[in-house]
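Student: Dropping the structure in here first, questions after.
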Amino acid sequence: MEAVAARPSLPPPWHLRAIGSAVRWLDGSPGLKSFGPFVPILLLWAGVAQAGIFPRIFFPGPWDVVLSFANLITKGILPEYLEDSLLRLALGAGAGVATGIPLGLLVGLSRIGHRCLWPVIVFFQAVGDIAWLPILLIWFGFGLATMTFVIVYTVLFPVVFNTALGVRSIPLEFTRAAQSLGARPWRILLEVVVPGALPNIITGLRNGLGYGWRALIAAEMIVGTSGVGFLMFDARRAGQVTEVLLGMIVLGILWYVVDGWILVPLEQATVERWGVVARRDVP
């Protein structure tokens with residue numbers, strides 16, 4: 001039998017090569033890799049806006065939002081409002097975390113503390129943060145104190161619940177092993193309880209900051225005189241849909257930055273460093 005000559009393999013068409021190169025380029029760039037899932041949404045948004053299915057004043061396109069962003073940056077309005085919102089979030093979240101972690105440790109470690117405090121915590125957790133606004137306006141008026149209280153109240157409960165859960169999920173053998181080695185209570189707290197509860201504490205911190213950010217925006221819409229929430233509410237009254245959409249995009253980007261640049265490194269510097277959770281590479 002005659003051997004059949006192997007046909008030389010033809011290179012793929014140019015458009016397939018271009019697509020493959022683009023995919024490899026996106027996969028190798030962390031920033032573009034994160035931005036990639038939003039490309040179809042932007043294309044769909046631009047296509048619907050360009051098709052004129054809805055009136056342009058009610059459904060602006062991405063370029064209209066970009067122009068609005070440039071206009072607010074040039075006037076200095078958006079940087080000032082962003083600074084106000086971030087300052088309020090930092091104050092409220094800091095106070096909420098500083099209160100919630102010790103309270104969660106107390107509830108998780110002490111039976112008496114759990115018996116006395118848990119019903120109170122569950123009761124006030126059921127009262128929404130926005131429900132406090134009427135009485136807060138009577139007490140503090142339209143100011144920083146009102147919005148700070150709302151953020152603290154919102155951040156507090158996820159941190160308390162997750163910290164207490166983390167403490168109670170630590171195997172009893174760890175504590176007994178430390179006691180058998182002669183460790184004092186404060187060393188058990190710092191070297192066993194806190195590292196063991198860190199995964200849950202970080203989860204509570206991330207959830208609490210997310211809830212606090214949303215509560216801040218709601219409070220700024222209702223009682224604020226500045227901030228991103230006030231920007232969106234004021235744009236609604238003026239019929240500026242582009243500024244409302246811009247505010248929504250800014251909120252999403254800010255949380256993405258806070259989570260990726262602050263919370264994830266914090267998790268790597270604490271949970272993974274202390275050996276409680278193995279490092280995982282997210283594909």
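Only the coordinates and a few stated rules stand behind these numbers; no lab work does. Just so it is clear, the structure is predicted and the values come from calculations on it, not from any experiment. Ideal geometry is used to build each Cβ from the backbone, glycine not excepted, and the neighbour counts take in all protein chains shown.
Student: Using only the Cα atoms of region 62-272, what are the Rg and Dmax in Å?
Tutor: Using the Cα atoms of region 62-272, the pair Rg, Dmax is 20.4, 69 Å.
Student: Continuing with this model, one more query. Order these by the 10 Å Cβ neighbour count, fewest first: 64, 84.
Tutor: Arranged by neighbour count, lowest to highest, 64, 84 become 64, 84.
Student: Got a sec? Charge dipole of region 62-272, +1 on Cβ for Lys and Arg, -1 for Asp and Glu; which of 227, 135, 256 is way out at the positive end?
Tutor: Result: 135.
Student: Then there is this: Could you give the size of the charge dipole of region 62-272 about its Cα centre, using +1 on the Cβ of each K and R and -1 on the Cβ of each D and E, expressed in debye and rounded to the nearest 20?
Tutor: Approximately 780 debye in magnitude.
Student: Among 53, 106, 152, which residue has its Cα furthest toward the positive end of the charge dipole of region 44-192, with +1 on Lys/Arg Cβ and -1 on Asp/Glu Cβ?
Tutor: Working it through, the farthest residue towards the positive pole turns out to be 106.
Student: How much FRET efficiency would the formula 1/(1 + (r/R0)^6) give for residue 110 and residue 51, where r is the Cβ-Cβ distance and R0 is 45 Å, rounded to 0.05?
Tutor: After rounding, the FRET efficiency stands at 0.10.
Student: OK, next. How big is the dipole moment of region 66-133 about its Cα centre under a simple scheme where the beta carbon of each Lys and Arg is +1, that of each Asp and Glu is -1, and everything else is neutral? Debye, nearest 20, please.
Tutor: In total the dipole reaches around 340 debye.
Student: Per residue of region 71-87, in order, report the coupling 6.51 cos²θ - 1.76 cosθ + 1.60 (Karplus, θ = phi - 60°) as ³J(HN,Hα) in whole Hz, putting x for Gly and Pro.
Tutor: The phi angles translate into 5, 5, 5, 4, 6, x, 6, 5, x, 5, 5, 4, 4, 5, 5, 5, 5 Hz.
Student: R0 = 22 Å: FRET efficiency of residue 118 with residue 98, Cβ-based, nearest 0.05?
Tutor: 0.60
Student: Suppose the chain between residue 66 and residue 248 were pulled fully straight at 0.36 nm per residue; how much longer would it get relative to their current alpha carbon spacing?
Tutor: Full extension from residue 66 to residue 248 adds 64.2 nm.
Student: Which FRET efficiency, nearest 0.05, do residue 145 and residue 266 yield, Cβ-Cβ r, R0 30 Å? Could the numbers behind the result be given before it?
Tutor: Numbers: r = 28 Å, r/R0 = 0.93.
E between residue 145 and residue 266, to the nearest 0.05, is 0.60.
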